[in-house]
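Worksheet: one structure, shown below.
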Amino acid sequence: MINFFYKVSNFSIANKSMVIQSIHLILVNEGSHVGNINYIFCNDDYILNINKKYLRKNYYTDVIAFSGLNEKKEKYISGDIFVSIDRVLENSKRWNQLFQTELNRIMIHALLHFLGYKDKDKINKELMRKKEEFYLILFL
């Protein structure tokens, strides 16, 4: 099940059914399935508090993903994904992207982390970026 929660009043996901279908397609293509994925859309202050409290980091970020435990042997992906709408907007301006494109990229990025992709070194970051670009097509 994919859920969307809003900690901001000026934002909601458009075309929810298409987004949900795209997430399913990404996971199936990667050999996994949807477990229970919660997207929580928030502002900078909200995600900063999450970052401080759980990760002991004192800075804004665009996305924080907490993977849930997998109780079944099949690859069911579960977890909570916090997305700062403020950061997505700022990043879209910085990278000269449409807001929706940057939002989709962040949503995909978190899923890729759940699937085991890393972005801490140059080679893995490049692979992750290519996966993001590939899957962005599903969100169009």
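The values are calculated or read from the model by the stated rules, or taken from the named source; none is laboratory data. Everything numeric here is computed off the predicted structure, so don't read it as measured data. Cβ placement follows ideal geometry from the backbone for every residue including glycine, while neighbour counts extend to all protein chains displayed.
Considering region 14-23 alone, what residues qualify as being in contact with a strand residue (DSSP E or B) (Cβ under 9 Å, 6 or more places away or on another chain) and either surrounded by 16 or more Cβ atoms within 10 Å (Cβ to Cβ) or in contact (Cβ under 8 Å) with a residue 60 or more places away in the chain (or both)? Talk me through it step by step, then tell me what you get.
In the first step, residues of region 14-23 are kept if they are in contact with a strand residue (DSSP E or B) (Cβ under 9 Å, 6 or more places away or on another chain); the result is 16, 19-20, 23.
Within region 14-23, VAL19, ILE20, ILE23 meet the criteria.
Mind telling me which of the residues ILE47, ILE26 ends up being in contact with a strand residue (DSSP E or B) (Cβ under 6 Å, 6 or more places away or on another chain), assigned to a helix (DSSP H, G or I) and either surrounded by 14 or more Cβ atoms within 10 Å (Cβ to Cβ) or of a type in the set (Lys, Arg) (or both)?
Working: ILE26 fails: in contact with a strand residue (DSSP E or B) (Cβ under 6 Å, 6 or more places away or on another chain).
On inspection, the qualifying residue turns out to be ILE47.
Give ASN70, ASN96, ASN91 a once-over and let me know the one that is more than 20 Å from PHE5 (Cα to Cα) and at pLDDT below 95. Reasoning before the result, please.
On the way: ASN96 fails: at pLDDT below 95; ASN91 fails: at pLDDT below 95.
Going through ASN70, ASN96, ASN91 in turn, the sole match is ASN70.
Checking LYS7 against (1) free of Cβ contacts under 8 Å to residues at least 60 places away in the same chain; (2) closer than 16 Å to PHE114 by Cβ; (3) out of contact with any Lys or Arg (no Cβ under 7 Å at 6 or more places or on another chain); (4) surrounded by 12 or more Cβ atoms within 10 Å (Cβ to Cβ): exactly one of these is not met. Which one?
(2)
Could we say that ILE77 is more than 24 Å from ASP45 (Cα to Cα) and in contact with a helix residue (DSSP H, G or I) (Cβ under 9 Å, 6 or more places away or on another chain) here?
Numbers: more than 24 Å from ASP45 (Cα to Cα): yes; in contact with a helix residue (DSSP H, G or I) (Cβ under 9 Å, 6 or more places away or on another chain): yes.
Answer is yes for this residue.
Being small (Gly, Ala, Ser) and buried (at least 16 other Cβ atoms within 10 Å of the Cβ): is that true of ALA65 here?
Yes; evaluated as a whole, the condition is true for this residue.
Given the options ILE64, ILE85, ILE40, name the one that is modelled with pLDDT of 95 or more, touching a helix residue (DSSP H, G or I) at 6+ places or on another chain (Cβ under 6 Å) and under 18 Å from TYR6 (Cα atoms). It would help to see each step written out before you state the result.
Numbers: ILE85 fails: touching a helix residue (DSSP H, G or I) at 6+ places or on another chain (Cβ under 6 Å); ILE40 fails: touching a helix residue (DSSP H, G or I) at 6+ places or on another chain (Cβ under 6 Å).
One residue alone meets the criteria, ILE64.
Pick from TYR54, TYR59: which is assigned to a helix (DSSP H, G or I), over 21 Å from PHE134 (Cβ atoms) and more than 16 Å from the chain's Cα centre (by Cα)?
Numbers: TYR59 fails: assigned to a helix (DSSP H, G or I).
Result of the check over TYR54, TYR59: TYR54.
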